Amino acid sequence: MKLESRIPSGPIENKWTSHKMSMPLINPANKRKFKIIVVGTGLAGSSAAATLSELGYQVESFCFQDSPRRAHSIAAQGGINAAKNYQNDGDSVRRLAYDTVKGGDFRGRESNIYRLAEVSVNIIDQCVAQGVPFAREYGGHLSNRSFGGAQVSRTFYARGQTGQQLLIGAYQALEKQIHTGSVRMHTRHEMLELVTIDGHARGIITRDMVSGKVEAWAADAVVLATGGYGNAYFLSTNAKGCNVTATWRAAKKGAGFANPCYTQIHPTCIPQAGDYQSKLTLMSESLRNDGRVWAPKKKGDTRAPDQIPEDERDYYLERKYPSFGNLAPRDIASRAAKQVCDEGRGVGPGGRGVFLDFADAIKRLGKKVISERYGNLFDMYTTITGEDPYSVPMRIYPAVHYTMGGLWVDYNLMSNLPGLHVIGEANFSDHGANRLGASALMQGLADGYFVLPYTIGAYLATAKQPKVTTDHPEFKKAVADVNTRTAKFLSIKGKRTVDSFHRQLGNMMWEKCGMARNDKGLNELLKEIPALREEFWQNVNVPGSADNLNTALEKAGRVADFFEFCETMAMDALDRDESCGGHFREEHEDEGEAKRNDEKFSHVSVWEVTGDKPVRHKEPLVFEAFHPSVRSYK
Amino acid sequence: MKLKLHVWRQPNKDQAGAMKDYAVEGVSEHMSFLEMMDTLNEQLMNKGEEPVAFDHDCREGICGSCSMVINGLPHGGHKGVTVCQLHMRHFKDGDEIFIEPWRAKAFPVLKDLVVDRAAFDRIVASGGYVSVATGGAPDANALPIPKKEADLSMDAAACIGCGACVAACKNASAMLFTAAKASHLNHLPQGQPERFERVKNMSMQMDAEGFGTCTNLSQCEAVCPKEISVRVIAEFNADLIKAQVKG
Ligand SMILES: Cc1cc2nc3c(=O)[nH]c(=O)nc-3n(C[C@H](O)[C@H](O)[C@H](O)COP(=O)(O)OP(=O)(O)OC[C@H]3O[C@@H](n4cnc5c(N)ncnc54)[C@H](O)[C@@H]3O)c2cc1C
Ligand code: FES
């Protein structure tokens, strides 16, 4: 596997500008001759599809929901970062880049990250021009707040619905282009294969989720914007449809999968209530701006929170991280909560929870201000738990939330398969081993509006590939592969539902490849996953037929891919014998903090999964602008 | 608890559907309504039957996928919640529950409780945006917007496009959805240049899709999970008149 990162030379401040100058251009009349497939309509996919079509390319856009507006990006609550420095608190492109590199525990690629920070300022301008109703001050100017892991206020937000408003902006831009006929939209279409010809990505195979029709689509380039794989764990804060299928299918065709073991566990989610639970709900990190996290000092303390006197409470984040306090980054806050619960000091059912308490904030600012800031989140909490957070502290516990790993891409956001571009959460490049709050939305829109539209032109201008149609034997073969797999699922007629397998797999992953990992557990997991996978292929029950809307069949395909993917994830976690960011190997810690090993692991692990056994390749990480240091928030 | 369900089953778009009865057991009051449906589906599949198809994704009330009429009311009729946020603590052991899809000519049923809402996307495509291409936008703070206007815009922009408004309306009108989109943009300076064209085009598209006319019954407001106010409809009608006068 050849991994050429194509990082431009020169000082970090000039890389993107000089790269843009050096990339070949395609004249506007010729852009029309190129067709680009964009899979996914979240922030990354919608913004890319709209912008590419504005530039003149023909775009075919796909999503599995019934409307592009329902992509998982819609659920983001807290906000989006940008180095605008509107608050005059010392923010800058360089500071945002540094915070992101450090937040990722020096496991991200600094050149990509610097570019992300650079274009972040354009995103806010673009969104405002589209009519995104960001929160404003009485003077009419944009309002900001601070977010976990940052000491400046650089987060823009729209009530608790930032993802929704940004996605609607991008969706409207997409619909505008659909109206002109330059984007063709295919909703309720699931991508099930990537097609490569002569080593280049040339198309995809989809299944129409209503009629069951399996179809081939040919193009000059393919863009995957298919989001993250957090649902490998079954229970996560992700929408139910989130999956690894598109990126895993591409990996099976030769695209490298980078750092699959980097997953983010978010500290503030509503604890699980029962075995029937289908997903976990996030309580925005912004709550930590005013809420104080604590647990009882005494083990097994079952008193109601208001019966526990002040001196018997442990505000452990404030105690351990005095300079960041409750705003410590996610991986650190999550781990601290786990430690407290492992010590037997957890609260609520099963002792898996800690308090997030607003009593002080309400005393200081009044109930009205708190309700203005967090009203919708408090309501959401009440709807789910039946408790009132204005009078009783919230109970929270960490949950799987985001995946930093993804398909490997170069500086141009192209994978090692020429023509295959990967943007948004689906790629690996910008967040290292831990993502800071409010920077996924930033990355999705940076990739889609301001990076890919330039870089994809460089590929198209130089690739010089012949036009292909879906009559090519590779397309026929890929269609046949999809049909064979579907027929197989329907023929097993076993005794267990797809969900029952998914739950079991997810639980195994959570226990042994979740918040804490160790050599023994991972080795066990690597035996347990193949055993369960075998049972799946013998004993799964997929009722219904192939030529109709069939939700069980859709899930079966996704879970089958999770089974294969999870094994690679566990291998990566075992291989990375250090702790960094969200990847915490219990063997490598320093008073509970992750202990990196830069000498041995300052690289991206890229997995080639086309053979019998996954093979690990490396892209060494080079830090020229930002020097790796011990990541301390004390 | 144990419940008696009556669920709309329809094999596909072209075949007729009917209500079917099911008993579902082992429902906890902490479950969400969709988790109760998951439980039913697991029970059905374990008996070798096909699960009930329904749309869902985020399960936290923001994507607008979930769409069920429960006992005659879209999303079950609890203030400000979608079906996925409705919890079983609002029901009791032995309850009988009727579960149906959105019903409207412009929303054909695709299977069981799944309907086709693509008409909403086409209404947006007809003008629900600011015609600005990527790049070249002025600095975001160059144009201050009074907080009051920004808040009114945001109130309307909270729409999740679920279609409950259509399902609740006896005329199956899409007025609340369409007017909310117009209000989101028309309260902002960025939305002004296309304001009147926008309402005209969106209104024409709404008719072309086969949605009914609005007769101001406000059922839509009552069931809207985002509590969008019918004031957006008044604004829309006022703009439509101005648009017609302007020609
Ligand atoms: C509850 C929650 C809150 C969050 N809050 C924040 C926040 O405040 N700030 C922040 O920066 N980030 C936040 N995040 C993270 C952020 O929302 C996501 O990382 C980001 O939106 C991902 O965008 P995306 O465009 O890459 O993918 P997505 O939005 O996940 O979109 C994926 C798209 O791909 C399509 N797709 C997937 N697979 C297939 C397939 N096989 N075939 C066809 N189509 C397919 C889907 O239909 C969809 O259109 C949050 C995440 C969660 C879960
Ligand atoms: S499933 Fe998303 S709103 Fe109900």
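The values are calculated or read from the model by the stated rules, or taken from the named source; none is laboratory data. The structure displayed is predicted, hence computed values, not measured ones. Methodologically, a virtual Cβ is constructed for each residue, glycine included, from the backbone with ideal geometry; neighbour enumeration extends over all protein chains shown. The accessibility values were calculated without ligands, DNA or RNA, using every heavy atom of the protein model including side chains. Shrake-Rupley method; radii C 1.70, N 1.55, O 1.52, S 1.80 Å.
Structure notes:
- If you plug the beta carbon distance of A:A304 and A:V615 into 1/(1 + (r/R0)^6) with R0 = 56 Å, you get a FRET efficiency near 0.55.
- The alpha carbon centroids of the range A:13-41 and the range A:541-562 are separated by 38 Å.
- Inter-part distance where the range A:420-487 and the range A:179-204 are each reduced to a Cα centre, Å: 10 Å
- Under the simplified labelling scheme, the A:R364-A:N27 pair shows an inter-label distance of 6.3 nm, with each label point 7 Å from Cα along Cα→Cβ.
- Counting only DSSP beta bridges whose two residues both lie in the protein assembly as shown, roughly 70 percent are antiparallel.
- Of the residues making up the range A:162-183, those losing 20 Å² or more of accessible area when the isolated chain is joined by the remaining protein chains, with a 1.4 Å probe, are A:Q164, A:Q165, A:I168, A:Y171, A:Q172, A:E175, A:K176, A:H179.
- Across the cross-link table entries A:K31/B:K242; A:K464/A:K488; A:K368/B:K226, which are compared at the Cα atoms, the separations over 32 Å belong to A:K31/B:K242; A:K464/A:K488.
- Computed extension length for B:A23-B:N71: 15.7 nm, one decimal, from 0.36 nm per residue of separation with the Cα-Cα distance subtracted.
- For chain B, adding -39500 (n - 2.57) for each run of n ≥ 4 DSSP H residues and dividing by the number of residues yields -10500 deg cm²/dmol at 222 nm.
- In chain A, helical runs assigned H by DSSP with n ≥ 4 each contribute -39500 (n - 2.57); averaged across all residues and rounded to the nearest 500, the mean residue ellipticity at 222 nm is -11500 deg cm²/dmol.
- Qualifying aspartates and glutamates (Cα of each under 19 Å from Cα of B:K47; at least 8 residues distant if same chain): A:D499, B:D21, B:E25, B:E35, B:D38, B:D112
- The range B:212-247 and the range B:89-146 have their alpha-carbon centroids 16 Å apart.
- Carbon plus sulfur fraction of accessible area for the range A:265-399, probe 1.4 Å, in percent: 51 percent
- Partner lysines for A:K279 [C-alpha distance under 16 Å; skip if fewer than 8 residues away on the same chain]: A:K240, A:K555
- Prolate/oblate/rounded call for the range B:76-130, Cα gyration tensor, a/c under 1.5 rounded: oblate
- Fraction of alpha-carbon pairs over 16 Å apart in the range B:3-111 - percent: 59 percent
- The alpha carbon gyration tensor of the protein assembly as shown gives principal lengths a ≥ b ≥ c with a/c below 1.5, which makes the shape rounded.
- In this structure the amide hydrogen of B:L110, modeled in the peptide plane, comes within under 5 Å of the amide hydrogens of B:V115, B:D116, none closer than 5 places in sequence on its chain.
- Accessible surface buried upon A-B contact (total; probe 1.4 Å; Å², nearest 100): 5900 Å²
- Qualifying aspartates and glutamates (Cα of each under 19 Å from Cα of B:K105; at least 8 residues distant if same chain): A:D66, B:D14, B:D55, B:D116, B:D121, B:D207, B:E209
- Probe 1.4 Å, protein heavy atoms only - accessible area per residue of the protein assembly as shown in square angstrom: 35 Å²
- Rounded, prolate or oblate (a/c below 1.5 giving rounded, otherwise prolate when a/b exceeds b/c) for the range A:265-399 by Cα gyration tensor: rounded
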